[in-house]
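Below is one structure, written out as structure tokens, with a few remarks after it.
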Protein chains: 2
Amino acid sequence: LTALLAARQSRAGFDLWSQGQSAGEDLCVLVSEQAHYCVARAVRIMGWGDQGLFKVPVDDRNRLDPAALPDVLAQARAAGRRPIGVVGSACTTATGSYDPLDAIADFCETNDLWFHVDAAHGGSVVLSPKYRALAAGLERADSVVWDCHKMMMMPGVLTAVLFRDGRRSYETFRQEATYLFEERPDEEWYNPGNRTVECTRPGAAVLLYTALRVHGVGVFRDYVTRCFDVARRLAEIIHGAPEFELYMEPDANIVCFRFRREGPAGDGLHERVRGNILRSGQYYLTSVHLDDKNWLRCTLQNPFTDEAELQGLLETIRAEVRAAEETGAS
Amino acid sequence: LTALLAARQSRAGFDLWSQGQSAGEDLCVLVSEQAHYCVARAVRIMGWGDQGLFKVPVDDRNRLDPAALPDVLAQARAAGRRPIGVVGSACTTATGSYDPLDAIADFCETNDLWFHVDAAHGGSVVLSPKYRALAAGLERADSVVWDCHKMMMMPGVLTAVLFRDGRRSYETFRQEATYLFEERPDEEWYNPGNRTVECTRPGAAVLLYTALRVHGVGVFRDYVTRCFDVARRLAEIIHGAPEFELYMEPDANIVCFRFRREGPAGDGLHERVRGNILRSGQYYLTSVHLDDKNWLRCTLQNPFTDEAELQGLLETIRAEVRAAEETGAS
């Protein structure tokens, strides 16, 4: 929301913060149909409604298809909206897919659009030399959101909004409150009240700074690399097990797969099996609906997860499926 | 912001969340000219601009003047805006004034407006039998914001948004994300992602629940009463010291006062004195600009503050003023 407010103020073409939306054209942003729901939420908070967000198709790995951007831009304009930016994901929450950020950056440059990247989950990949290329182009974004409670082992909530041009962050929330804000702008860098939605906030950055000082960057580099490696290993194991189906080769440390059972009965089976496993407390699985099927979604985020645990997870699912099907048959 | 989004969805007269602001009339809220800047911020985030907020005059104790409400309502309508609600303060941040909530509730009932109360600082007063009457009418609000890190001795940030009708809280952020939200609405009460701006949040309510279970309500009742008592005692002392001027008899535990020096030089003097005291670390004073003058603003929030400390504060200010004026003269 903070980044989109900055984009709105920067690219609306009028002083929307003071004059209000009705003083100018209706705005919108372009975003992959697989983006996190928070983008749609921010758009609706700002009062843009359904038409505030135009969805860009994805390829077979759930990455935004940059070739579709000109068409969607034209659609948005035809609908009477002025597009102000594109939101890329690095990576998407559902399947861990990295959008082609360099191609999106090119498109934004050509069309004078704000380029925001939701790198909440996957931004930490830049610390891993092995996987860094997945987020190539991230450095060209106008704004980036990065959650340190996701892949930096920090306690929640520790989210950063990074701006390429720091001054933009001041334009977003211009306000006066004599008991809070000083008059000298050059001394205002330390006052988060001018740059964030909330005024009172815990000094979360201290946690991250402390961890980096104490442990160094290496620990986090190895952690990211290890989690992504483990996800690829799980995908390999699933490939070797014919009773399981992999949704796609994982980009990040998120793996979506299912036990091969077709139709709505198969979906119900998945939900029953997942519920039993959650109640047992042995593994944590979420579920996601993709291509008209329910998939089990596994986020490999514990660096101590080993081969035995991956095999154990699949064995547990097999056992639960057998038990569920026997109960259903009797 | 959360409460105003609920008010917006409830009273806009159309489905603004889905259709966007441009599908209906421009909206606004009515709020005292002394309200916290976060109301104006929320209005601007929603894209309503300057005209999204119509200011209601205050009386000589900075309380919203309910007699002025019909006029301001008419002004807003004349400006082409549809007013959807009134925001009351209990208390205001600058001077700790409690708006006449009962009178505002009457007005909202008559005119079918959402009644929101910013009780961030002063809501805890309901725990104090001695001072509870200050917030009479709070129980009639459609929504209330209450910060437990202010007058409940909780660590920041611990903010609650309370709704009179809990169902409203679900209408605010209707969305789908299959990997997060279950399909059965009756099991959704525990899922804050449906009802708050952020999705991932620490379970802050546990802190408050634990403190109430361990200490009981009595501790907090005595705490609030004590802090309000101390503020009244500071005001008395200032009345007895002719070199000081009190802005107004305190409602809450916020006391605004100044050393009697007129003109811009006096304002500069106050800022120099305040800076020196802050740097010494002895007392924490903020400043506030009211009626064209700078005032020192003291929030009495430590239950161990005693008579000697209040006297010490004034003595320290006297000494700093003397020192500053001698330096200035030499």
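Note on segment B:38-70: residues that are surrounded by fewer than 21 Cβ atoms within 10 Å (Cβ to Cβ), charged (D, E, K, R) and either more than 14 Å from every other protein chain (Cβ to nearest Cβ) or farther than 20 Å from A:GLY20 by Cβ (or both) amount to 4. Number of residues in segment A:94-113 that are open to solvent by 10 Å² or more (accessible area, probe 1.4 Å), without any contact (Cβ under 8 Å) to a residue 60 or more places away in the chain and closer than 24 Å to A:MET46 by Cβ: the value is 2. Scanning segment B:83-113 for residues that are farther than 16 Å from B:SER143 by Cβ and either assigned to a loop (DSSP other than H, G, I, E, B) or not assigned by TED's automatic domain parsing to the domain that holds B:GLY52 (or both) yields a count of 8. Just one of the listed residues (A:PRO250, A:PRO242) is out of contact with any strand residue (DSSP E or B) (no Cβ under 7 Å at 6 or more places or on another chain) and surrounded by 18 or more Cβ atoms within 10 Å (Cβ to Cβ), and it is A:PRO250. Among the residues of segment A:16-37, those that are crowded, with 21+ Cβ neighbours inside 10 Å and under 20 Å from the mean Cα position of the chain (by Cα) comprise A:CYS28, A:VAL29, A:LEU30, A:VAL31, A:SER32, A:GLN34, A:ALA35, A:HIS36. For segment B:270-282, does any single residue satisfy the condition of being of a type outside the set (S, T, N, Q), at positive phi and more than 27 Å from the chain's Cα centre (by Cα)? Within segment B:270-282, not a single residue is of a type outside the set (S, T, N, Q), at positive phi and more than 27 Å from the chain's Cα centre (by Cα). For segment A:54-89, the set of residues classified as closer than 17 Å to A:PHE107 by Cα, in contact (Cβ under 8 Å) with a residue 24 or more places away in the chain and hydrophobic (A, V, I, L, M, F, W, C) consists of A:PHE54, A:VAL56, A:VAL58, A:LEU64, A:LEU69, A:VAL72, A:LEU73, A:ALA76, A:ILE84, A:VAL86, A:VAL87, listed by residue number. Where strands (runs of 3 or more DSSP E) fall entirely within segment B:229-315, those with at least 2 residues that are away from chain A (no Cβ under 12 Å) and touching a residue at least 24 places away in the same chain (Cβ under 8 Å) are at B:254-259. Show the residue pairs meeting these rules: Cβ distance below 6 Å; 6+ apart or different chains; first residue within segment A:10-29 and within 7 Å of chain B (Cβ to nearest Cβ); second residue at pLDDT below 85 and open to solvent by 50 Å² or more (accessible area, probe 1.4 Å). Here the result reads A:ASP26/B:SER22, each pair linking segment A:10-29 to a residue that is at pLDDT below 85 and open to solvent by 50 Å² or more (accessible area, probe 1.4 Å).
Taking every residue in segment B:140-168 that is within 21 Å of B:ILE104 (Cα to Cα) and small (Gly, Ala, Ser) and pairing it with any residue that is modelled with pLDDT of 75 or more and open to solvent by 20 Å² or more (accessible area, probe 1.4 Å), at least 6 positions away or on another chain, the pairs with Cβ-Cβ distances below 6 Å are B:SER143/B:PHE163. Among the residues of segment B:84-93, those identified as open to solvent by less than 10 Å² (accessible area, probe 1.4 Å) and either under 15 Å from B:ALA252 (Cβ atoms) or away from every other protein chain (no Cβ under 14 Å) (or both) are B:GLY85, B:VAL86, B:VAL87, B:GLY88, B:SER89, B:ALA90, B:CYS91, B:THR92. Put simply, of A:ALA7, A:ALA35 the only residue that is touching a His at 6+ places or on another chain (Cβ under 9 Å) and either away from chain B (no Cβ under 11 Å) or more than 25 Å from B:LEU53 (Cβ to Cβ) (or both) is A:ALA7.
The values are calculated or read from the model by the stated rules, or taken from the named source; none is laboratory data. Bear in mind the structure is a predicted one, so any value in this text is a computation, not a measurement. Don't worry about glycine lacking a Cβ; one is built from the backbone with ideal geometry, like all the others, and counts go over all protein chains shown. The area values use the complete protein model at the heavy-atom level, side chains included, leaving out ligands, DNA and RNA. Shrake-Rupley method; radii C 1.70, N 1.55, O 1.52, S 1.80 Å.
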